[in-house]
Amino acid sequence: MRRLGGHKPDLGLLDVTVTGSRAFAVEIGQMSIVDVSQPEAPRLLGAYPLPSDLAFIGKVVAAGNYAYLPTSAGLQTIDVTDPAAPRRTSLFRSGSYFTGAAVAGNLLAAATSYDGVFFLGLTDPAKPVSRGRADLRFNNITAKSVAISGHHVFVTSADGPEAPIPKTGVIEIFDASSPASPQWVGTYEIPAVAREVAVSAGLAVVTSYSGIPGSPAGSADILDVRDPAHPVLLASQELNPSVAHQWGSRVSLAGERAILSGLTVLDLSDATKPRQLVGLAQSAGSATISGDVLFAGLNTYRMSPATLLRSRTLEVGGQALGVALQGNVAWLALGKDGLQAVDRTKPDATALVGHLPLDGKAWDVALAGDRAVVAAGEAGLVIVDTTDPQNPQQLGTLETPGEAHAVAVAGNTACVANSSAGVQVVDFGNPASPRELAGFATLGPALDVVWHGTHALVACREAGLQVLDLTVPAQPELVGSYLVRGAVEAVTVVGDRAFIADGVEGFRVLDVSDPSKPKRLGLAAGNTQARSIAVAGRFAYVADATRGVRVYDIGDPSRPREVGGTSAVNTYRLAVSGDRLLAAAGSSGLAEFEFFAAPVELGIVHSGTTVTLRWPASALGFQLESSPALNPVAHWLPESATPETVGDWQAVTLEMGAGPRYFRLKKP
């Protein structure tokens, strides 16, 4: 996640709301209006002054050309049509503080400290008019926040300051389809002080804190509210103390992600098992995502495939040094602990499905069909049958000169990097009896190797990148090289582009369309102690010995640039599987990272008896699903129609038939 820019408020920042291209920042003494259409350079448009003696200022909510600000002096309506000269158009008062507000269509719900919830009409958005009010059903309760979903209004409330410890919180749900006579429909109690609620697509996320002085404990509770009369707790996620301080955490929802104060992002694709994807533990007041930009306070961050969101770290009983993928099974080279199979579809407790002890030290593993080829250090090359991942079998071995450090395969031919002993070419067509075809003494220690057609590209430390012609595997020939000032320790290739990294000059992109004459296309300067490199789309991922995983944007190969990364784990080898990056993470085991994807908007157009659904063509890997109902239970089934690409969109046209149908996009 790369910081793009920021706007430093003149006074203490209390809260920020982002609506479209504008951010509304509540500060001590004023509400600033900031243009965030260019996230790299937020620009102050204007400010609305606030009395310095206000005892409370809540979270601003914006709709159209108006902002609604709950304060201790009342609910203020501010016209921001001209952001350089915002002006108040109305002040709605009650007998207590206004603590929160939410807008949906022509309905504004405003929570108060002791007067319950007001339901205001926005026929004239400049002058909200009271349509009705509802008391909270619990005594001595203070409303904290409010959210609207459909015609239901959700209110968080908690014990007042005079209540004993431990404190309790409540979510109360009202049907506001008739604002003049709102009906209470349900409640859910929380054994903590409820802070804020966000609701979307039948899910509610409620944050809370303990209420015990000096205690930082807090949580985010995920509720199924498809039946508002009977909210059901799906999961509770304990929050980092730096996020869930004694005043609790802000929360917003974007697609299947919940964004909390402190730049904490929860994945709710399986709401019963929320996963913390990222948590930067930064004080940010409120945070939200718009497209691929995360707003934290008035700082902006780009969320993209450069943003690695750790989804899982699995201890594997050894030091993971190499990784290769066979469908849903990851094969790990575990150093002195041999070879381990991991079923990525299973939970941690049962994911380790097969293990094979090996002589030597397993540094790297490559796959060829149902065979694994392992570079096993001083034990040489080992061929393993992987037909049954629960019971891998050693088929054959071959001693190699030096120490087998890395291996690449093409068909039944393996090219082995043997460190100081150079490169060995091996035929393992008969896996029980692999045989050496040739050896080649490279000019420096061979640490990494990759096939490029009939050539092998070899990382040889201070001797740079060396290119061997293996058209005749038994007669390797040095046909090209590329020298660097540092030491090349890792190499990979995609098409006619090779990617290398050295510890002095940084990350390089080479043109190897003519393998005998590698040419530099671009350089991203920096100190990079690379162990391996993986590429997915326009990004290259480098396992760095000192900085975890570094991410480089290679969309313009002439100008690669470092755009992100994570130092969460120590990494050796990397592999890409769909939208995941897998890392052999040494003593930490197998680490999986999810590439961030911005929420995808599904559009629908109705015409006669058909509907056309479309979504961006850049959003790959999604399945269109439909359900005949949402309540009480949705039954999602995949649509069999194949999407067509039309310009920048993927589209599907379906016959509707009788009865309602609901649609969604989901990644399998």
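The values are calculated or read from the model by the stated rules, or taken from the named source; none is laboratory data. Small disclaimer: the values here were computed from a predicted structure and weren't measured. No Cβ is skipped: glycine too gets one built from the backbone with ideal geometry, and neighbour counts run over all protein chains shown. With ligands, DNA and RNA removed, areas are computed over all heavy atoms of the protein, side chains included. Shrake-Rupley method; radii C 1.70, N 1.55, O 1.52, S 1.80 Å.
Here are the numbers for the structure shown:
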{"item": "Solution diffusion estimate, µm²/s, Stokes-Einstein, the range 325-471, Kirkwood Rh from C-alpha pairs, 10 °C, viscosity 1.306 mPa s", "result": "104"}
{"item": "Hits among lysines - C-alpha to C-alpha of Lys667 under 30 Å, sequence gap 8 or more where chains match", "result": "Lys273, Lys346"}
{"item": "Sorted peptide list for 196-202, 657-663, criterion being average Cβ within 10 angstrom, highest first", "result": "196-202, 657-663"}
{"item": "Semi-axis lengths, Å, the range 429-523, gyration tensor of Cα atoms, sqrt of 5 times eigenvalues", "result": "24, 14, 12"}
{"item": "With all protein chains modelled, accessible area of Asp227 [1.4 Å, Å²]", "result": "70"}
{"item": "Gain on full stretching of the segment that runs from Ser513 to Leu483 - 0.36 nm per residue minus C-alpha separation", "result": "9.1 nm"}
{"item": "Accessible-area ranking of Thr112, Thr442, Thr645, largest first, probe 1.4 Å", "result": "Thr645, Thr442, Thr112"}
{"item": "Solvent-accessible ranking of Leu325, Leu223, Leu483, largest area first, probe 1.4 Å", "result": "Leu483, Leu325, Leu223"}
{"item": "For the range 350-398, diffusion coefficient by Stokes-Einstein and Kirkwood Rh (Cα), 25 °C, 0.890 mPa s, µm²/s", "result": "224"}
{"item": "The range 448-524-the range 370-388 distance, computed between alpha-carbon centres (Å)", "result": "25"}
{"item": "Spacing of the two label points (7 Å from each Cα toward its C-beta) at Ala545 and Ser587, in nm", "result": "1.8"}
{"item": "Contour minus Cα-Cα distance for Arg661 and Ala201 (0.36 nm per residue)", "result": "164.1 nm"}
{"item": "Thr609 accessible area, assembled protein chains, probe 1.4 Å, Å²", "result": "90"}
{"item": "Largest to smallest accessible area among Tyr541, Tyr188, Tyr114 [probe 1.4 Å]", "result": "Tyr114, Tyr188, Tyr541"}
{"item": "D_trans [Stokes-Einstein, Kirkwood Rh over alpha-carbon pairs] for the range 495-604, 37 °C, 0.692 mPa s, µm² s⁻¹", "result": "224"}
{"item": "Aspartates and glutamates whose Cα lies under 20 Å from that of Lys336, excluding same-chain neighbours fewer than 8 positions away", "result": "Glu315, Asp359, Asp364, Glu378, Asp385, Glu399, Glu403, Asp448"}
{"item": "Accessible surface of Phe56 - all protein chains present, 1.4 Å probe, nearest 10 Å²", "result": "70"}
